Amino acid sequence: MKLSLQVVWFNWGDSTTHAPTLKRIAQTADQMGVDTLWSLDHFFQMEFAGRAQDPMLEAYTLLGFLAGVTERIRLGTLVTGVIYRHPGALIKTVSTLDVLSGGRAWLGIGAAWYEREARGLGLPFPGLAQRFEMLEETLQIAHRMWSGDFSPFHGAHYQLSEPFDYPAPVRRPPILIGGGGEKKTLRLVAQYADACNFDGGIGVDGIRHKLNILRDHCAAVGRDFDAIERTLVYGAHRLPGGSADADAIIAYCHEVAEAGIQHIIFNHIGLETPGWIEMIGESVIPAIRDL
């Protein structure tokens, strides 16, 4: 099993503290064998995680900074809302991150949900059906641009006359689609993605159910189910008893691995706490490597 970390909270004091704190988090995770460092892609803090006015950093600027202070760890958003960036610009952004990081970028993407931040910043927020149409076209554009097909793209929502992507990524960034919608999201995973991502709040039975639905979608489109990396995101501070210690994390990893998860992504209110990431690297990663 792979283990990754997600940065969700930035309540670290004033604006002068963010760069050194992020540098320390990223370099420690890099040294301790964490697979990927994920940023959420929001402009306001999520209301279930804090106040909309809490500190929040723009995701791709953040990932570019992290690329510059690390050497090995992969980097991605969990996940970019499709409404935030035009697909041509988004693919170019992820390609640039991949080039400058030496081939370490992911494209994490979803249909978007946070209406308040979209309205607050004047971003478009069409209905859910249209957002899924936009998501599918964005996935089609990503596949074309990253395969070297720069012919015009004419979709219902996007028109790209010359979708160039020079320089090309070091290697095609893997595509992760976030969400567990059974009719649309998991169909898009089966058709276009390298990885799915579920929220651990659905529980073990929920994981098994979603993976069975994904398996059915794979069969319908002729895709090998085992070619899709099965990932889960969960708060380490949400484990039983509020414990984020090694024993609790290892036990949880065993539980979700038995349900079919291959890659666990933890966020944690105390991610910046000195020693916590070292504990992950020294005690947890070796214990779950063979799951």
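The values are calculated or read from the model by the stated rules, or taken from the named source; none is laboratory data. Bear in mind that the values here come from a model prediction, so they are computed numbers and not experimental data. Backbone-built Cβ (ideal geometry, glycine too); neighbour counts: all protein chains shown.
With respect to being touching a strand residue (DSSP E or B) at 6+ places or on another chain (Cβ under 9 Å) and under 28 Å from E278 (Cβ atoms), G76 fits the description.
Checking each residue in region 252-291 for being farther than 20 Å from N197 by Cα, free of Cβ contacts under 8 Å to residues at least 40 places away in the same chain and part of a helix (DSSP H, G or I) picks out W276, M279, S283, P286.
Applying a threshold of 7 Å to beta carbon distances and a minimum spacing of six or more residues, or different chains, the list of pairs starting in region 1-24 at a residue that is more than 27 Å from A257 (Cβ to Cβ) and ending at one that is part of a helix (DSSP H, G or I) and of a type in the set (S, T, N, Q) reads W12/T21.
With respect to the conditions (1) over 27 Å from D226 (Cβ atoms); (2) touching a residue at least 12 places away in the same chain (Cβ under 8 Å); (3) among the charged types (D, E, K, R), K210 lacks only one, and its number is (1). Quick check on my filter: what residues within region 84-106 are under 17 Å from E136 (Cα atoms) and either touching a residue at least 60 places away in the same chain (Cβ under 8 Å) or more than 17 Å from the chain's Cα centre (by Cα) (or both)? If the condition is that a residue be under 17 Å from E136 (Cα atoms) and either touching a residue at least 60 places away in the same chain (Cβ under 8 Å) or more than 17 Å from the chain's Cα centre (by Cα) (or both), then H86, P87, G88, A89, I91 are the ones that fit. Exactly one residue out of D41, D30 is among the charged types (D, E, K, R) and crowded, with 20+ Cβ neighbours inside 10 Å: that is D41.
Of R223, R144, all but one fail to be in contact with a helix residue (DSSP H, G or I) (Cβ under 7 Å, 6 or more places away or on another chain), basic (K, R) and either at pLDDT 95 or above or not in a helix (DSSP H, G or I) (or both); the exception is R223. For region 255-267, the condition holds for at least one residue, the condition being that it is among the charged types (D, E, K, R) and more than 17 Å from V34 (Cβ to Cβ).
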